[in-house]
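The values are calculated or read from the model by the stated rules, or taken from the named source; none is laboratory data. All of these numbers come straight from a predicted model, not from anything done at the bench. Positions of Cβ are generated from backbone atoms using ideal geometry, with glycine treated the same way; all protein chains shown enter the neighbour counts. Each accessible area value is taken on the protein alone, full model and side chains, heavy atoms only, with ligands, DNA and RNA left out. Shrake-Rupley method; radii C 1.70, N 1.55, O 1.52, S 1.80 Å.
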Amino acid sequence: MPKNRRLPPRLGGTARGRAKFELVSSLVRKSFIRLSTALVSVFLLLSVGAAVAADRDELWRSCAASGQSQIDRIASCSALIDTGKETERNQYAALTNRCTAHLENHDFDMATADCNKAIDLDDGRPEAFVSRGRTYQLTGAYDRAIQDFDRALAIDPGSEPAFVGRGFAYLRQKRYQESVRDFDAAIRIAPGDARIYNDRGLVHEVAGQHDEAIADFEMAISIDASDVRAVRDLGLSYDAKGLHDRALQEFDRAILLAPKDASSYAVRAAAFQASHAYDRAISDYTRAIELRPGAVKYFLDRGTSFFDTGRLDEAVGDFDRAIAMDPNDPAPLVWRATIARRKGNVDAAIKDLGRALELDPSDADALSRRGSAYLAAGNYALAVTDFDSVIRSNPRDATALNERCEAKALAHDPLGALPDCDASIKISPNASNFDTRGFADLQTGRPEAAVEDYGAALQLDPLSAKSLQGRGLAKRTLGDEAGALADLSAAVKIDPNVVENFTRDP
């Protein structure tokens, strides 16, 4: 599951607390594949000089025009290449233009093949290295991308596209200082390009330098007041800095600038959701979906808002839609499993978590959740197996240690349970962990220790019916009938079903 994605709240005897929601906006988005004006004009000058017939001249204009349909552009470049009559210089231009067209069409293999051919024809020009570098960058081959941008800059030290491309590659490698230096260089070359200030602002924001990011986004807006992306990113930086009202002002401004831009509604919705204005969040997510119905993330995010308001059936509807649109994303499966648990349908939760783990077997959170579901279903052996895997990957996972302790205690292996409870309390001495060890104490015939552990739990959570019930049973074992009756009566007042739930409602 992506690290920046909100996780559902955990349910269970040891993990009942609601997960804190943080507004985490992905400021490191794919760098928009944009051709530099200088690059396009060079190709136009080359092509116009070579064209002698009107239809050939039109093919060259189409081959070099990045703003049109990439399919048409590829067809025009192919027609010129396939004649076999173009000069080597013009073949280079057509191949490089077709490379960038494939790149913008996300056909990275074809883009790489064309750029390779162009470089074979002429390795003394920067354009094909820049385009191939972008291809490597977008496919995650950052070292190779940087090598190509280096080659381009060795040929043309004033190549703004090469500095921008390398800056994004460094950003992906979290080499923030080097990334900023490249965007600094790009700004020196093209000081009037608002997009480069915005790009540098993204680097500052990802590096946690909110003030520097805000300054760059404001500079971008001062150059181009209609730059919706800069306004939106400015709002995200204000929000990250904790200035939520100012962030909302920027999101409002972005929507006024471009009322049909779904992204602005989505980030404002996330801000409303973080401030618990769930109805407004749902309204904005709905508008974003209307504008971009193919965006899976909006259904997932609106589903979490429905979840926050307790509208579980509507949440499930959105998660169902997200799963249908992208069956390879485990996140909506985990959310749907959480709702199934909340509704008491443990089998459905286990099924969805199993599917999520098929998609991402390394997802320790989903493994831990499935272990909790197995625990709730009474399948203690499978619960222990899942917790074993979680703990192997993170021996300091207090939740998994605590729940494995609980599963072992319920499976009548209390002596095997106690070391896990001890470890979980050492890592995280919370009420739930003391409560679980109190239960294991009872199972091992250690009522004095149980009274002590349940007492520690009650100091942290005085209204825990289960801790009162457990301490009452331990006191009764010790012959303290008056103390037992007081605890057991108090437990029933808090939760009339405590006796039924005591062993156990994970």
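For this structure, a couple of remarks:
- Calculated diffusion of segment 413-506, Stokes-Einstein form, Kirkwood radius summed over Cα pairs, 37 °C and 0.692 mPa s, µm²/s: 255
- Taking the protein heavy atoms of segment 201-303 in the context of the full set of protein chains, the accessible area attributed to carbon and sulfur is 52 percent at 1.4 Å.
- Dipole of segment 164-245 [Lys/Arg +1, Asp/Glu -1 at C-beta], most positive-end residue of VAL206, ALA230, ALA240: VAL206
- Label-point separation in nm, ALA154 to ILE427, each point 7 Å along Cα→Cβ: 4.9
- Averaging the sequence gap over all C-alpha pairs within less than 8 Å and six or more residues apart, then dividing by the number of residues, gives the chain a relative contact order of 8 percent.
- Quick note on segment 117-210: its Rg to Rh ratio, both from C-alpha atoms and Rh being the Kirkwood radius, is 0.99.
- Length released on extending from ALA482 to SER226, taking residue separation times 0.36 nm less the Cα-Cα span: 84.7 nm
- Solvent-accessible area, 1.4 Å probe, carbon plus sulfur percent, for segment 329-443: 50
- For segment 119-278, diffusion coefficient by Stokes-Einstein and Kirkwood Rh (Cα), 25 °C, 0.890 mPa s, µm²/s: 148
- Accessible area in the full protein assembly, largest first, 1.4 Å probe, for THR309, THR83: THR83, THR309
- Think of the chain as having a plus end and a minus end, set by charges on the Cβ of Lys, Arg, Asp and Glu; of ALA258, ILE425, GLY455, GLY455 sits farthest toward the positive end of this dipole.
- Between ASP252 and SER362, the C-beta separation translates, for a Förster distance of 41 Å, into a calculated FRET efficiency of about 0.50.
- 1.4 Å probe accessible area per residue over the chain, in Å²: 44
- Taking all protein chains together and a 1.4 Å probe, the residues GLU86, GLU481 rank GLU481, GLU86 from largest to smallest accessible area.
- Approximate shape of the chain as ellipsoid semi-axes (Cα gyration tensor, √5λ), whole Å, largest first: 59, 23, 21
- Cα long-axis angle, helix 331-342 against the chain (0 to 90 degrees, to the nearest 10): 20
- Förster-model FRET efficiency, 45 Å R0, ALA75 and ASP347, C-beta, rounded to 0.05: 0.25
- Stokes-Einstein D for segment 289-438, Kirkwood Rh over Cα pairs, 25 °C, 0.890 mPa s (µm²/s): 151
- Accessible-area order (highest first, 1.4 angstrom probe) of the listed residues LEU7, LEU202: LEU7, LEU202
- Relative to the Cα centre, the charge distribution of the chain, modelled as +1 at Lys and Arg Cβ and -1 at Asp and Glu Cβ, gives a dipole magnitude of about 500 debye.
- Compactness index (Cα Rg / 2.2 N^0.38 Å), segment 222-275: 1.02
- Modelled this way, with points 7 Å down the Cα-to-C-beta line, the labels at ARG396 and ASN497 are 3.8 nm from one another.
- Think of it as helices only: each DSSP H run of n ≥ 4 in the chain is worth -39500 (n - 2.57), and spread over all residues that comes to -23500 deg cm²/dmol at 222 nm.
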